[in-house]
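I am attaching a structure below and will ask some questions about it afterwards.
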């Protein structure tokens, strides 16, 4: 077990190492990073000062070590636009992202799990087909298009919901739906296949032979076991939602991390862009590691198999 | 014997070249949509009534022809710079198609090659490639693509390279798995005995056998890549203006939405939706038909 955890931990470190190397070299290979690290229109002297300050005149390996040490100290640099440390900006935006992700997740589970169960229990029925169409659309429609259509319908024509911003519960409805549909589709598909697998198992047959009514078989026996993979996926997806919301947050001007990334891009605020990407990557690598370890604890086949 | 059974028997015996096309659940509509968009992209120069990049400021925000104030000069209306929407949509098809297909093929070539090498060579080569693939897969694809695009600057070529860089891993993983089982098959072992070099075996014996999976995966990736390109363009780090890309058009039209210029966003959005939906339906069908191993995907 310890060996397994250690191995997985090393892989995660490798992922982070690759992420940092890619970011580091891409910035330096594609041009002078000093132009990215100074505000647009900076003077020659400013650029020279940046060169000296960040050691850009030194060998690449030395530069990389410097880059990594400041990272480990939690120093992601200073935002040009806001004139505050990137880390502070990130922490101030994170609660908004968490709120949006939590509501989107709740929505995706409330829609995804029941519809997945109905689709599995009544295979080939009308509701199964409705679920299939819902899932296909969720997986195919880009979130920005869903978002813009909703604004058009609910804000422009009906005037029920605010089109952008945050502050009231009404503000969160449309972004959460636009973000959650894709995940609702994913949760629905997994619930359906997981339920089908469980329903075919021996203990369900036994429960039926015992003469339990269908309702009890589904609710008490099948549902609980079918839920395990869905909840695991939901855990990973929650972290993903925080990090892929950039499009939805841009459409609805929702002040989360994704919006921060978008602002970073449009203001050419390079430290912000770099910081958000590094922290997002680290978050996802960490949650993957966590899931691997939890799975290995639950299921010995996984840790022995590898 | 009724007619249906006769055709069914014929269908079973039919092993000709167009067997796949004649199967009953063939996704005809999606394929027609993709073909239409492809033809529109190829013949954009002849089809577009106006120059997609130059507009008349006097003719800004003209609505589509069926609405009050619209005319057949601009059948689908004009945008904030007075450019013809129809022409922009037609040329936008070219951007989506070119970026979508080249990125999918680029990613496919890189991923399949690495997957074959990794699976066939084994040992430390396999370890190195697979660790790289795992590490790459752990990163959030879209965020990473946005970051790369923000650094290297927007251009069609850069977007293709970035999307290929981000999405090759999926091919590598699946192709490697296939190669591992192919490697043990008789015909590969015989090729070794016959004295074929490793490269010859990989190229002539392994590659043709993993092509099915690669094609299925490519068709499933097409939708993903087109949405990714539209997302990058939407955020302003994709195809640079004034080039008409559907994602960029949506983003430009966003401002007009609140004052009722709905056609600026709805039309490019519908185009993206049709394209991605068709690609996904075709991909799903190909997966079931061509590749039983990928059905679990």
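Just name the residue that is surrounded by the most Cβ atoms within 10 Å (Cβ to Cβ) out of those in segment B:140-157 that are closer than 17 Å to residue B:99 by Cα and over 19 Å from the mean Cα position of the chain (by Cα).
Among those that are closer than 17 Å to residue B:99 by Cα and over 19 Å from the mean Cα position of the chain (by Cα), it is B:148.
Still on this structure, I have one more. Among (1) farther than 14 Å from residue B:225 by Cα; (2) more than 14 Å from every other protein chain (Cβ to nearest Cβ); (3) in contact (Cβ under 8 Å) with a residue 40 or more places away in the chain; (4) assigned to a helix (DSSP H, G or I), which single condition is residue B:80 missing?
It is condition (4) that residue B:80 fails.
Within segment A:26-42, is even one residue away from every other protein chain (no Cβ under 14 Å), modelled with pLDDT under 75, more than 26 Å from residue B:141 (Cα to Cα) and in a helix (DSSP H, G or I)? Can you show your working first?
Narrowing segment A:26-42 to residues away from every other protein chain (no Cβ under 14 Å): A:38-39, A:41-42.
From what is left, the residues that are modelled with pLDDT under 75 are A:38-39, A:41-42.
Pick out the ones that are also more than 26 Å from residue B:141 (Cα to Cα) and you get A:38-39, A:41-42.
Filter again for in a helix (DSSP H, G or I), leaving none.
Within segment A:26-42, not a single residue is away from every other protein chain (no Cβ under 14 Å), modelled with pLDDT under 75, more than 26 Å from residue B:141 (Cα to Cα) and in a helix (DSSP H, G or I).
Can you tell which of B:193, B:225, B:215 is surrounded by fewer than 23 Cβ atoms within 10 Å (Cβ to Cβ), closer than 30 Å to residue B:94 by Cβ and at pLDDT 85 or above? It would help to see each step written out before you state the result.
Values: B:193 fails: closer than 30 Å to residue B:94 by Cβ; B:225 fails: surrounded by fewer than 23 Cβ atoms within 10 Å (Cβ to Cβ).
After applying the criteria, what remains is B:215.
All but one of (1) under 30 Å from residue B:271 (Cα atoms); (2) away from chain A (no Cβ under 14 Å); (3) surrounded by fewer than 18 Cβ atoms within 10 Å (Cβ to Cβ) hold for residue B:137, so report the exception by its number.
Residue B:137 satisfies all of (1) under 30 Å from residue B:271 (Cα atoms); (2) away from chain A (no Cβ under 14 Å); (3) surrounded by fewer than 18 Cβ atoms within 10 Å (Cβ to Cβ) except (2).
Moving to a separate point now. Exactly one of these conditions fails for residue B:252: (1) closer than 28 Å to residue B:181 by Cβ; (2) more than 10 Å from every other protein chain (Cβ to nearest Cβ). Give me its number.
(1)
Scan B:226, B:272 and give me the residue that is part of a helix (DSSP H, G or I), at the interface with chain A (Cβ under 7 Å from one of its Cβ atoms) and in contact (Cβ under 8 Å) with a residue 24 or more places away in the chain. Reasoning before the result, please.
Numbers: B:226 fails: at the interface with chain A (Cβ under 7 Å from one of its Cβ atoms).
Unique residue meeting the criteria: B:272.
Answer with yes or no whether residue A:196 is surrounded by 12 or more Cβ atoms within 10 Å (Cβ to Cβ) and either touching a helix residue (DSSP H, G or I) at 6+ places or on another chain (Cβ under 7 Å) or within 14 Å of chain B (Cβ to nearest Cβ) (or both). Full working, then the answer.
On the way: surrounded by 12 or more Cβ atoms within 10 Å (Cβ to Cβ): yes; either touching a helix residue (DSSP H, G or I) at 6+ places or on another chain (Cβ under 7 Å) or within 14 Å of chain B (Cβ to nearest Cβ) (or both): yes.
Answer is yes for this residue.
For residue A:254, are the conditions met, namely being crowded, with 18+ Cβ neighbours inside 10 Å and not in a helix (DSSP H, G or I)? Write out each step before concluding.
Details: crowded, with 18+ Cβ neighbours inside 10 Å: yes; not in a helix (DSSP H, G or I): yes.
In short, yes.
So if I check each of B:280, B:212, which one is in a helix (DSSP H, G or I), away from chain A (no Cβ under 13 Å) and in contact with a helix residue (DSSP H, G or I) (Cβ under 7 Å, 6 or more places away or on another chain)? Walk me through how you get there before you give the answer.
Values: B:280 fails: away from chain A (no Cβ under 13 Å).
Exactly one of B:280, B:212 is in a helix (DSSP H, G or I), away from chain A (no Cβ under 13 Å) and in contact with a helix residue (DSSP H, G or I) (Cβ under 7 Å, 6 or more places away or on another chain), namely B:212.
Quick one: residue B:114 ticks every box in (1) crowded, with 20+ Cβ neighbours inside 10 Å; (2) within 12 Å of another protein chain (Cβ to nearest Cβ) bar one, so which box is it?
(2)
Quick one: which of A:273, A:217 is within 14 Å of chain B (Cβ to nearest Cβ) and modelled with pLDDT under 85? So that I can check it myself, show each step before the final result.
On the way: A:217 fails: within 14 Å of chain B (Cβ to nearest Cβ).
Every option except A:273 fails the conditions.
Right, residue A:280: within 11 Å of chain B (Cβ to nearest Cβ) and assigned to a helix (DSSP H, G or I) or not? Steps first, answer last, please.
Working: within 11 Å of chain B (Cβ to nearest Cβ): yes; assigned to a helix (DSSP H, G or I): yes.
When the stated conditions are applied, residue A:280 passes them.
Here's the yes/no breakdown for (1) crowded, with 21+ Cβ neighbours inside 10 Å; (2) in the same structural domain as residue A:233 (by TED's automatic domain parsing); (3) farther than 27 Å from residue A:170 by Cβ; (4) without any contact (Cβ under 8 Å) to a residue 40 or more places away in the chain:
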residue: A:77; (1), (2), (3), (4): no, no, yes, no
residue: A:83; (1), (2), (3), (4): no, no, yes, yes
residue: A:92; (1), (2), (3), (4): no, yes, no, yes
residue: A:97; (1), (2), (3), (4): yes, yes, no, no
residue: A:100; (1), (2), (3), (4): yes, yes, no, no
residue: A:111; (1), (2), (3), (4): yes, yes, no, no
residue: A:114; (1), (2), (3), (4): no, yes, no, yes
residue: A:119; (1), (2), (3), (4): yes, yes, yes, no
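Within segment A:230-256, count every residue that is closer than 27 Å to residue A:206 by Cα and within 13 Å of chain B (Cβ to nearest Cβ).
Counting residues in segment A:230-256 that are closer than 27 Å to residue A:206 by Cα and within 13 Å of chain B (Cβ to nearest Cβ) gives 0.
If you don't mind, there's one more thing I want to ask. Scan (1) in a helix (DSSP H, G or I); (2) within 12 Å of chain B (Cβ to nearest Cβ) for the single condition residue A:295 breaks and write down its number.
Of the numbered conditions (1) in a helix (DSSP H, G or I); (2) within 12 Å of chain B (Cβ to nearest Cβ), the odd one out for residue A:295 is (2).
Further question: Just the residues that are within 11 Å of chain B (Cβ to nearest Cβ) and in a loop (DSSP other than H, G, I, E, B), please, taken from segment A:128-158.
A:141, A:142
The values are calculated or read from the model by the stated rules, or taken from the named source; none is laboratory data. Here the structure is a predicted model, which means the values were calculated and not measured. With ideal geometry, Cβ positions are generated from the backbone for all residues, glycine too; neighbour counts draw on all protein chains shown.
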